[in-house]
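The values are calculated or read from the model by the stated rules, or taken from the named source; none is laboratory data. What you see is a predicted model, and the numbers here were worked out from it, not measured in a lab. Using ideal geometry, Cβ is built from the backbone for each residue, glycine included, and neighbour counts are taken over all protein chains shown.
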Amino acid sequence: MASSTHVLCFVNNKGGSGKSTTCANVGYSLSSLGYKVLLIDGDMQLNLSLAYFDEDFVLETAKSDKNLYTAIKSQKDLSDYIFPTRYPGIDMILSSTLMSSIEYDLFTKWQREYILKNGLKNILTENKYDYILIDSPPTLGGWVMNILCASHYMITPVEASPWGLFGLANLFDFLNEIKYVTPDLQMLGVCITKADSRKSYLKQTLSALEELRHTHVFETYIKVDSAIEWSQENGRPVMDYKKSSRSAKEYLCLTKEVVERVTQ
């Protein structure tokens, strides 16, 4: 029986684009809409892990043998690396700082671009989750290729800033070069983050994105909001930290757009 689980990854080779924040809050929003969600932290910076677990637990897990790095290096079934979060309907596979060496570890593996995909097979077969969301590091290479090969859809958060679009052309070139191993991957859309309507950067970003052919730009963009920073400080998704905040409402609207595009 084919899996009904949708696998989405958040990818941008530029740091500070809001990938981890968007992944964390779209995941929480999906749960609030009644979906069962598995989050996978694929970044050595551990930001997604820290959005759901306290720092001591994240660091302890990062040093143990129950994190994503250990699973990928040993080519294990990822079912054995899942932790429940404090929120019903949301589970996670945590990352490790050792992910910094994953490119080296992948280099000698047979069919290395499919290791993550193979590790997810049993989870997908079980149909336990409606959505699997994968946070990626701000790089392009073998590990990101792994993430793309394991995913059905890709979302690219883009910061509304002078340097927000920097490297986006490289990302699309990379996608074009690896399409032979990711023929079923769909670019779901670009999500604008850290938008400030008082500055011209937002208009410039929107104008530049309009010139990209065949690239959907989500109507909802995430504005600058101190509630996001405070939620990160407290290790909680912004919808849990302050449901009435502007950013919480925006992430919920964005998530509804994501669901609509995935299920249409």
Seminar exercise, completed: For region 1-37 the number of residues that are out of contact with any helix residue (DSSP H, G or I) (no Cβ under 7 Å at 6 or more places or on another chain) and not in a loop (DSSP other than H, G, I, E, B) is 5
For this session: Could you grab the pairs with beta carbons closer than 6 Å, sequence gap of 6+ or different chains, first residue in region 225-240 and assigned to a loop (DSSP other than H, G, I, E, B), second one of a type in the set (Phe, Trp, Tyr) and buried (at least 17 other Cβ atoms within 10 Å of the Cβ)?
Result: Asn234/Tyr241; Pro237/Tyr28
For this session: Could you tell me whether Phe57 is among the aromatic types (Phe, Trp, Tyr) and more than 17 Å from the chain's Cα centre (by Cα)?
Result: yes
For this session: Identify the single condition in (1) buried (at least 17 other Cβ atoms within 10 Å of the Cβ); (2) under 21 Å from Lys256 (Cα atoms) that Leu106 does not satisfy, given that it satisfies every other one.
Result: (2)
Exercise. Mind checking whether some residue in region 116-134 is surrounded by 16 or more Cβ atoms within 10 Å (Cβ to Cβ), under 26 Å from Tyr28 (Cα atoms) and free of Cβ contacts under 8 Å to residues at least 40 places away in the same chain?
Worked result: yes
Exercise. Which of the residues spanning region 97-119 are modelled with pLDDT of 95 or more and within 17 Å of Met44 (Cβ to Cβ)?
Worked result: Leu116
Problem set entry | Only listed residue being under 12 Å from the mean Cα position of the chain (by Cα) and of a type in the set (Gly, Ala, Ser), chosen from Ser95, Ser32, Ser49, Ser64 | Ser49
Seminar exercise, completed: Scanning region 48-77 residue by residue, those in a loop (DSSP other than H, G, I, E, B) and in contact with a helix residue (DSSP H, G or I) (Cβ under 9 Å, 6 or more places away or on another chain) turn out to be Ala51, Tyr52, Phe53, Ser64, Asp65, Lys66, Asn67, Gln75, Lys76, Asp77
Problem set entry | Criterion: modelled with pLDDT of 95 or more and basic (Lys, Arg) - qualifying residue of Lys194, Lys249 | Lys249
Seminar exercise, completed: Picked from region 78-101 (must be in a helix (DSSP H, G or I) and touching a Gly at 6+ places or on another chain (Cβ under 8 Å)), the residue surrounded by the fewest Cβ atoms within 10 Å (Cβ to Cβ) is Leu78
Problem set entry | Restricting region 251-262 to residues that are under 12 Å from Gly189 (Cβ atoms) and β-branched (Val, Ile, Thr), the residue that is surrounded by the most Cβ atoms within 10 Å (Cβ to Cβ) | Val258
Seminar exercise, completed: For region 49-68, pairs from a residue that is β-branched (Val, Ile, Thr) to a residue that is surrounded by fewer than 17 Cβ atoms within 10 Å (Cβ to Cβ), with Cβ under 9 Å and 6 or more apart or across chains, are Thr61/Phe83
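Please tell me if Asn176 is out of contact with any Asp or Glu (no Cβ under 7 Å at 6 or more places or on another chain), over 19 Å from Asp41 (Cα atoms), without any contact (Cβ under 8 Å) to a residue 12 or more places away in the chain and of a type in the set (S, T, N, Q). Working first, answer last.
Numbers: out of contact with any Asp or Glu (no Cβ under 7 Å at 6 or more places or on another chain): yes; over 19 Å from Asp41 (Cα atoms): yes; without any contact (Cβ under 8 Å) to a residue 12 or more places away in the chain: yes; of a type in the set (S, T, N, Q): yes.
In short, yes.
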Exercise. Counting only residues that are more than 18 Å from Asn47 (Cα to Cα) and exposed (fewer than 14 other Cβ atoms within 10 Å of the Cβ), how many does region 217-250 have?
Worked result: 3
Seminar exercise, completed: Screening Gln111, Gln75 for residues that are under 26 Å from Asp184 (Cα atoms) and either surrounded by 18 or more Cβ atoms within 10 Å (Cβ to Cβ) or in contact (Cβ under 8 Å) with a residue 40 or more places away in the chain (or both) leaves only Gln75
Seminar exercise, completed: Within region 8-28, residues being crowded, with 24+ Cβ neighbours inside 10 Å and either more than 13 Å from the chain's Cα centre (by Cα) or farther than 10 Å from Pro157 by Cα (or both) number 6
